[in-house]
Each structure stands twice: as structure tokens, then as C-alpha cells.
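The values are calculated or read from the model by the stated rules, or taken from the named source; none is laboratory data. All values reported here derive from a predicted model rather than from experimental measurement. Neighbour counts run over all protein chains shown; Cβ positions are idealised from the backbone, glycine included.
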Amino acid sequence: MDNINFTHFNEEGRAKMVEVGEKLNTRREAIAKGSIFMMPETLAKIIDKTISKGDVLAVSQVAGIMAAKKTSDLIPMCHNIILTGADINFSIDKDNSRIDIEAVVRTTGKTGVEIEALNAVSVSALTIYDMCKAVDRGMRITDIRLVKKTGGKSGDYIRED
């Protein structure tokens, strides 16, 4: 146990934010994905833009971008990162009554944006749930995961599914 370096704990064993001041600024990108399943009738209302709260995907897209920007306010040891870009993309799967969500987040900095991308997907999905819960409380948010990360000392990561 003594050989393991826990970077988020100080000498007293309490949480700390990792120091990144000596790291080089590099271009970084993270892509995360997730899905939300719903009743076919709910998906049809989203597509037709007849949900009473408004355009579900437009609001969800803005919510996801806002979430990426606010990640350090929610995750205690996350650094406040200046993002150079954030985008949310949706893919509608009518056969499985599902919306797939993809977040692409970029920065040039000292630390990566994986958590920002994961947070963006999560909040996008939660926004869809919130806007549609009056017609479908059984929606299911699933498979939120990092699929790609580039840049930084640790190099690239591509999920192999």
C-alpha cells in the first residue's frame, strides 16, 4: 500500500486538488456518449416538438454545454478549465425508442476535459428526462461513458466496444 501514489490525497490522507502548474499546455479533446430510452410516444413528441415545455433537444443541447462549463462547480477535485469548444450531438433511434447523446469538449490547457464531456452527456440526458417526465416517468438513462480522449502526458485513449 505504501508504493501506491494517491494523487488526490495529502500527507494527512485528506482530499486535495492536484497541482498542475508545471504541466505543459496541450490541445485536449474528450468525447463522451450516453443514451436515454423512452416510450415510442414520448420520442414521437420530442421529434414533433409537441412536448409542452418546448423544444426538448434544443434545451438539452444548451444544458449540456452549460454543464461542461460548470463541471468544476460540481465535482470537488476538478480544475476550473477554460473550454475552447463544446458541442452536443443527438442521434434518434426510433427502432429502439432511444436518443443517443454525444458530447465533444475541447481545451488547450494543463489538464483534460473527460469529466466535462461526461458531465455534459449526463446533464443533457437529465434535461430530456426533466422536460418529458410529465408524459413518461419510466425513461432510462444508460451507458454514459468516455469514448475518446486526446492530448496530455498520458496520451490518447479510444474505447474499444
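Below are the figures for this structure:
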| quantity | calculated |
| --- | --- |
| Residue match in the range 67-85 (condition: more than 19 Å from Glu29 (Cβ to Cβ), out of contact with any Cys (no Cβ under 8 Å at 6 or more places or on another chain), buried (at least 18 other Cβ atoms within 10 Å of the Cβ) and in contact (Cβ under 8 Å) with a residue 12 or more places away in the chain) | no |
| Exclusive hit being of a type in the set (S, T, N, Q), within 24 Å of Glu41 (Cβ to Cβ) and either crowded, with 18+ Cβ neighbours inside 10 Å or in contact with a strand residue (DSSP E or B) (Cβ under 6 Å, 6 or more places away or on another chain) (or both), set Thr108, Thr142 | Thr142 |
| Unmet requirement for Glu102, which otherwise passes all of (1) farther than 27 Å from Glu160 by Cβ; (2) in contact (Cβ under 8 Å) with a residue 24 or more places away in the chain | (1) |
| Some residue of the range 119-133 being under 12 Å from Ile31 (Cβ atoms), under 13 Å from the mean Cα position of the chain (by Cα) and of a type in the set (A, V, I, L, M, F, W, C) | yes |
| Any chance Asn119 is surrounded by fewer than 16 Cβ atoms within 10 Å (Cβ to Cβ) and in contact with a helix residue (DSSP H, G or I) (Cβ under 7 Å, 6 or more places away or on another chain) | no |
| Wholly within the range 38-156, helices (runs of 4 or more DSSP H) carrying at least 1 residues that are closer than 20 Å to Val20 by Cβ | 56-69, 71-74, 114-132 |
| Residue within the range 76-88 that is modelled with pLDDT of 95 or more, within 15 Å of the chain's Cα centre (by Cα) and closer than 18 Å to Asp143 by Cα present | yes |
| Enumeration of residues in the range 20-44 that are more than 26 Å from Ile158 (Cα to Cα) and buried (at least 18 other Cβ atoms within 10 Å of the Cβ) | Met38, Thr42, Leu43 |
| Any hit, the range 92-111, residues being modelled with pLDDT under 95 and not polar (S, T, N, Q) | yes |
